[in-house]
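What follows is a single structure, written as structure tokens, with notes after it.
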Amino acid sequence: RGYLNHPTRRTSQKENHLMRNISRALAAATALGAVIVSTAACEVPEDNKTTHAEEVVQEQAAAPTKHRAKPKPAVDDRAKPKPVVDQETPDFTTSQENAIASAEDYLSYQAFSRTGLIHQLSSKYGEGFPKADAVFAVNHIDVDWNEQAAKAAKDYLSYQSFSRNGLIHQLESEYGEGFTHAQAVYGVNQTGLVTDKAKPEPVGDQQTSGYTTAQENAIASAEDYLDYQAFSRTGLIHQLSSKYGEGFSKSDAIFAVNHIDVDWNEQAAKAAKDYLNFDSFSRNGLIHQLESEYGEGFTHAQAVYGVNQTGL
């Protein structure tokens, strides 16, 4: 017999099919939700993102203390000066150091100009250093050349008499000390030979004579000349005042000759004998030589007296 479709059976199959589809959809939705949640959890807000350097620092901070790397000190871009090994000792050659020592030794007991000291250090009759080392040494010592000129001027006056101009010339001459003109003037000024009217300084209990320093020096020079050579009055004044002699003023030279104790007749006799020691003369020829202005400059009477003492 034929079977009739059972309505209840058909309904049950459709429901089962529908329930399976719904279950599948729910499973898919559940899986998709899990993926979305997982993705959202892994995202970091833009403001909270860290750089690679910060991540490294965080990792180092999280590491155990004994493995934590110490940060390197910051390097100062400014170059630090290299330490000086021995700043007190300049890098001089042995010859230069010896030349400096010699220069200081010389200045400890004698006055020198710069030129004179260089010459003394480099001369074969002195120390014999190379000229370059002598110049180097003089440039590397502490010395006041003005004071050296003053010391030299006083040294000269301690054993010889000079006029102001004569002493300046002696100090600045290349055949003398070799100071500059300014240094020579400074040195002479320190001796008291400042002006022709300068008063001499009293020494100890010695009473002042009332003479100027130039006058006293001119007197001393006149006496020195007469100690070893015969002069007429005219000849001695010329020697004291000449620029080729002592360089005193003419007035100081005359003052000096007028203030010395001298016998001009005896000077004429001494001069006559000196002439005959190295040359032959007739009586009249010797008298003429003694009284001539180109000879000795004695008066005629003094010349005759002098020749008479020789036996002519």
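Here are some notes:
- Near residue 276, once Lys and Arg are set to +1 and Asp and Glu to -1 for all other residues with Cβ below 13 Å from its Cβ, the sum equals +1.
- The figure for residue 310 is an accessible area of roughly 40 square angstrom, using a 1.4 Å probe on the protein chains alone.
- Euclidean distance between Cα centres, the stretch 243-312 to the stretch 107-138, Å: 44
- Cβ-defined net charge surrounding residue 235, 10 Å radius [Lys, Arg +1; Asp, Glu -1]: -1
- A DSSP coil position with no more than 14 other Cβ atoms inside 10 Å describes the following trypsin sites (Lys or Arg not before Pro) in the stretch 237-283: 243.
- Accessible area in the full protein assembly, largest first, 1.4 Å probe, for 106, 228: 228, 106
- When all protein chains stay in place and ligands, DNA and RNA are ignored, the 1.4 Å accessible-area order of 20, 164, largest first, is 20, 164.
- Computed over the stretch 102-169, the ratio Rg/Rh where both radii use C-alpha atoms and Rh is Kirkwood: 1.03
- Of the whole protein surface, residue 157 contributes about 50 Å² of accessible area at a 1.4 Å probe radius.
The values are calculated or read from the model by the stated rules, or taken from the named source; none is laboratory data. Keep in mind it's a predicted model, so treat the numbers as computed, not measured. FYI the Cβ positions are ideal-geometry reconstructions off the backbone, even for glycines, and counts take in every protein chain you see. Each accessible area value is taken on the protein alone, full model and side chains, heavy atoms only, with ligands, DNA and RNA left out. Shrake-Rupley method; radii C 1.70, N 1.55, O 1.52, S 1.80 Å.
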